[in-house]
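Novice: Structure incoming, see below.
Where a number appears in this text, it was derived from the coordinates with a stated rule and is not lab data. This one's a predicted model, so the numbers in the text were calculated from it and none came from an experiment. No Cβ is skipped: glycine too gets one built from the backbone with ideal geometry, and neighbour counts run over all protein chains shown.
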Amino acid sequence: MDACEHCANACLGEDDLKMMVPCIRLDRDCADICRLTAAFIARGSGHALHVLEECIEICQKCHDECAQHQHAHCQACAAACQACVEACRTYK
């Protein structure tokens with residue numbers, strides 16, 4: 001969540017903002033689904049596995065987008081998203 005929020009905020013300061021729009025959108029979606037997934041898991045929701053699937057999908061897409069950019073914040077976000085994907089797969 002934190003890496004995605006930081007990346008989205010840092011992307012807003014990049015010179016070619018228009019190019020960063022897909023990254024910003026995915027960062028925001030990814031941060032939100034991670035928050036939701038953590039809450040569902042913490043409360044033992046019967047829907048946690050469904051949310052985990054979405055989290056894996058969105059985090060993978062965010063990783064793929066951020067990995068294309070050389071900015072340090074994008075690279076850090078890509079690494080965090082990859083770790084999240086792996087953690088969610090392990091949890092399932």
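Novice: For ILE33, indicate whether it is of a type outside the set (Gly, Ala, Ser) and in contact with a Lys or Arg (Cβ under 7 Å, 6 or more places away or on another chain).
Specialist: Here the answer is no, as ILE33 does not meet what is asked.
Novice: Of all residues in the range 33-64, count the ones that are of a type in the set (D, E, K, R), in contact with a Leu (Cβ under 9 Å, 6 or more places away or on another chain) and touching a residue at least 24 places away in the same chain (Cβ under 8 Å).
Specialist: 1
Novice: So, one more: Just checking, how many residues over the range 1-23 are surrounded by 11 or more Cβ atoms within 10 Å (Cβ to Cβ), over 18 Å from the mean Cα position of the chain (by Cα) and of a type outside the set (A, V, I, L, M, F, W, C)?
Specialist: Count: 1.
Novice: May I ask you to say which residue of ALA83, ALA76, ALA67 is surrounded by fewer than 19 Cβ atoms within 10 Å (Cβ to Cβ), touching a residue at least 60 places away in the same chain (Cβ under 8 Å) and within 13 Å of the chain's Cα centre (by Cα)?
Specialist: ALA76
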